Structure formats: C-alpha cells, structure tokens
Amino acid sequence: MRKVSNLCDYFIILSTTSLRQTNAIAQAIVEDLGKEKIKPLSSVSPNDESGWIALDFSSVIVHIFYKPMREFYALERLWSDAKRVRLAAPKSEKVKKSKEI
C-alpha cells in the first residue's frame, strides 16, 4: 500500500460467511496480537453488525468483511494499483495433530 497511499504499508482483507464469524475473527486477532503487546488504534464492539470491521495497527490495517459487504465495497478494485499478495490459510493445530496420529 505504501507505494499508492501513505495510510499504511499493508491491507489485509478477508471475508466471512456470517456476521458472528466477522466479530469472532476480529476479537481473535485483537486477543492474539494483544498477547504480543500489539494493540489496535481503535476499539471494536464485540456485537458489531456492520459487516465490515477494520482493525488499524498503524502499518497494517485488517479489513474483515461479511462476504456480501466485501463484494459491495470491493476494496481490491478501489486500490487496484496496489500490489496484491495472496496468502494461504494456515492449517489449524487440530488438522496438524490429526495427521500425525
């Protein structure tokens, strides 16, 4: 993002299949990064029903969308000049452990 805007270095954009999942992922990110003493610049309501939660960590902004909202706002289209990097979803510990057995 830095080459096209001075807002931040990276946008992380992800979709969820429900508003509940949107909130759960936002809370999990805040909790996990909080353990590393990394806190967002603003707070998030645990019952947010907007369908779009933005977590601002200064150089990284995480956008968590309920899928219909992501399609509506189309941030990828708005910021099409930015370099895109697709990340694979990490395998959960449960999946890793079941393969080891």
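The values are calculated or read from the model by the stated rules, or taken from the named source; none is laboratory data. Predicted, not measured: the structure shown is a model, and the values here were computed from it. Every residue, glycine among them, receives a Cβ derived from its backbone with ideal geometry; neighbour counts consider all protein chains shown.
Points to keep in mind about this one:
- Within the range 44-101, restricting attention to residues that are at pLDDT below 85 and of a type in the set (Val, Ile, Thr), the residue that is farthest from Phe11 (Cα to Cα) is Ile101.
- Restricting the range 31-43 to residues that are within 24 Å of Glu76 (Cβ to Cβ) and at pLDDT 90 or above, the residue that is surrounded by the fewest Cβ atoms within 10 Å (Cβ to Cβ) is Leu41.
- Elements of type strands (runs of 3 or more DSSP E) in the range 1-78, at least 3 residues being in contact (Cβ under 8 Å) with a residue 40 or more places away in the chain: 10-16, 60-66
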